[in-house]
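Contents: one structure, followed by commentary.
Every read-out reported here was derived from the displayed coordinates using simple, explicitly stated rules and does not represent laboratory data. Everything quoted here is computed from the prediction, not taken from an experiment. Here Cβ is always computed from backbone atoms with ideal geometry, including for glycine, and neighbour counts include all displayed protein chains.
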Amino acid sequence: MGQITLTKVNKTFGSTVVIPEIDLEIEDGEFVVFVGPSGCGKSTLLRLIAGLEDTTSGTISIDGKDVTGLPPARRGLAMVFQSYALYPHMSVYNNIAFPLKMAKTDKAEIDRKVRAAAETLNLTAYLERRPGQLSGGQRQRVAIGRAIVRQPSAFLFDEPLSNLDAALRGTMRLEISELHQKLATTMIYVTHDQVEAMTMADKIVVLNAGNIEQVGSPLELYRSPRNLFVAGFIGSPKMNFLTGAAAEKHDATTIGIRPEHLAISTQGGEWKGKVGVAEHLGSDTYLHVHTDEGGLMTVRTTGEAGLDTGQDVWLSPTPERLHRFGGDGLALA
Amino acid sequence: MARAVTTRRKTIATAAAWLIAFVIFFPILYTVITSFKTEPEAIAGISLVPSGTFENYVEVQTQRDYFRPFMNSVIMAVGSTILALIVAVPAAWSMAFSPTKRTKDILMWMLSTKMMPAVGVLVPLYLIFRDTGLLDTRLGLTIVLTLVNLPIVVWMLYTYFREIPGEILEAARMDGASLWNEIVYVLTPMAVPGIASTMLLNIILAWNESFWTIRLTAAQAAPLTAFIASFSSPQGLFWAKLSAASTLAIAPILIMGWFSQKQLVRGLTFGAVK
């Protein structure tokens, strides 16, 4: 079980308000991702749930039990840190066994659990090594192993992949997702990388300056962002925004259109522009077009777009994919 | 071309390093050479070739008691180091892991005591020692050596403890470790190298300290530093014997330093070079 409820949770450091007041419900078995720019309070929120920071006010409950005042160890949670935070003087075996030793589990049981975790994470060959002798990915696995053996009610991940290179990040992302499917335990995952959020989450919580901007499934956030911040943050490449006359035509203060929902033509269309830089990814091409009405806009085309820099083009949005926002930045119905 | 410049630079740098090392080492070498000369030879002028006599060593051992000051040095150096660690480990610990607004000020204040010339407090300290009967006692000198080196010990340990990542302690807390378990299983093993090199450095500093050891001792508690100084006496200056005594005094610490140089260098450059 691992249902976590945050009620009016507030955190201030001196006179700095990090988290004004948050209400959040995390269902048992859910993979929840906290995403937002640096300094948005996502790590603080995770640390509040872990018990590594004290809440200024509000309550945190796990499976209906108020844990606000409990120390980290008694909340039944396990955490994987960005720096892995492995014990450098212990072997991989002892690192994984540490939480069990602390819980005074008997030796045979510890051995069985450590070996099972090592098996799951492909670490059996490295059990006698020290963390210093492992690669980044292996260290990350050890950190996960240390979390698994405790059979916690929820796993907390604090930007666990940001120290890995891009290729390994992709592999580990998949491994963590598979682990979630296998264990079916609640996971809370903090990242600033919206690709990680989109690919892994059942539910994404978008945070900005300590406030929850929107909660929803990846596709909900993609399809119907609640405001300009979420619209700009979710999706890669970023959504294009237009104001002024172009927006007024659609009865909005700002309109947004994703690069993949723009059609490009050399014949005619809604916005005229000149092709600037083209980024060729092979499967896709991102064209940066300087338009008269919307400034620099990004267009995503499939395959290799046969357009030259400086060429005149016209862009047209897919009407049903156009996002309209009011003066307050909120999406219009 | 670039490679040629690099090679030449390297050669020059190496030669310069050797030269500087030799200049630093020369007094020690000359002390050792002089210790194998006769007294007339020793005052005759600069010569790098001694006659090879051992009489100075024999005399230092037989005419004067070498063993007593040696033991005094050992007891005071080790004793003051242990005392300093007992005080400094918890102090540095709390400053590194639960710093307050004033932590930096306290550290600076501690260091500032090292900026004061020792002679400034000689008279009051001498009077206190005289009145409390601590003059020429091992206990008295051990206390002084502890206090003299304490700021450096606290600073070194503080820098060491600061290098232990906070996330590891948090991980231990998440893993269910009590404060005691955290100290025993996680913090101490990680801090041991730092404590060890601090200990080594402090033993060397205490061993070599000569201002207080010469002024606050006479015969009973005199360590090797005072023993060496005693060769410059009203009866005359005995260069060769002085050199033999000096060689005997620095030999133990030199040997210790040689065997622990890896630890020492790591300790002294910690935080600066990784």
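Observations on the model:
- Taking A:Leu315, B:Leu48 and counting other C-beta atoms within 10 Å, the order from fewest to most: B:Leu48, A:Leu315
- Computed from Cα atoms, the angle from the helix A:166-183 axis to the main principal axis of chain A rounds to 60 degrees.
- Stokes-Einstein diffusion for the stretch B:30-115, with the hydrodynamic radius set to the Kirkwood value over Cα pairs and evaluated at 10 °C in a medium of 1.306 mPa s, equals 90 µm²/s.
- For chain A, the longest principal axis of the C-alpha atoms and the axis of helix A:92-102 are separated by about 70°.
- In degrees, nearest ten, helix B:122-132 long axis to first principal axis of chain B (Cα): 90 degrees
- Seen from all directions on average, the stretch B:1-56 presents a Cα convex hull projection of 4.8 nm².
- Residue-by-residue Karplus 3J(HN,Hα) for the stretch B:215-224, coefficients 6.51, -1.76, 1.60, Hz, glycine and proline x: 7, 9, 10, 10, 10, 5, 9, 4, x, 4
- Note on the protein assembly as shown: dipole from Cβ charges, positive end direction compared against B:Gly120, B:Trp180, B:Phe70; the farthest Cα belongs to B:Phe70.
- Considering only Cα atoms, the convex hull volume of the stretch B:67-230 works out to 124 Å³ per residue.
- Prolate/oblate/rounded label for chain B (Cα gyration tensor, a/c 1.5): oblate
- Counting beta carbons within 10 Å around each of B:Ser98, A:Ser177, A:Ser15 and listing the fewest first gives the order A:Ser15, B:Ser98, A:Ser177.
- Just so you know, the Cα atoms of the protein assembly as shown work out to an Rg and Dmax of 35.1, 112 Å.
- Listed from fewest to most Cβ neighbours within 10 Å, the set A:Ile19, B:Ile86 follows the order B:Ile86, A:Ile19.
- Peptide-level mean, for A:102-111, of C-beta atoms on other protein chains within 10 Å: 1
- For the stretch A:220-304: rounded, prolate or oblate by the Cα gyration tensor [a/c cutoff 1.5]: oblate
- A Cβ-based charge dipole, computed about the Cα centre of the stretch A:238-325 with Lys and Arg at +1 and Asp and Glu at -1, lands at about 180 debye.
- Between the stretch A:42-115 and the stretch B:216-247, the alpha-carbon center distance in angstrom: 61 Å
- Normalised by 2.2 N^0.38 Å, where N is the number of residues, the C-alpha radius of gyration of the stretch B:201-254 stands at 1.13.
- With bins 10 Å wide beginning at 0, the percent of Cα pairs of the stretch A:4-230 falling in each bin runs 8, 33, 35, 19, 5, 0.
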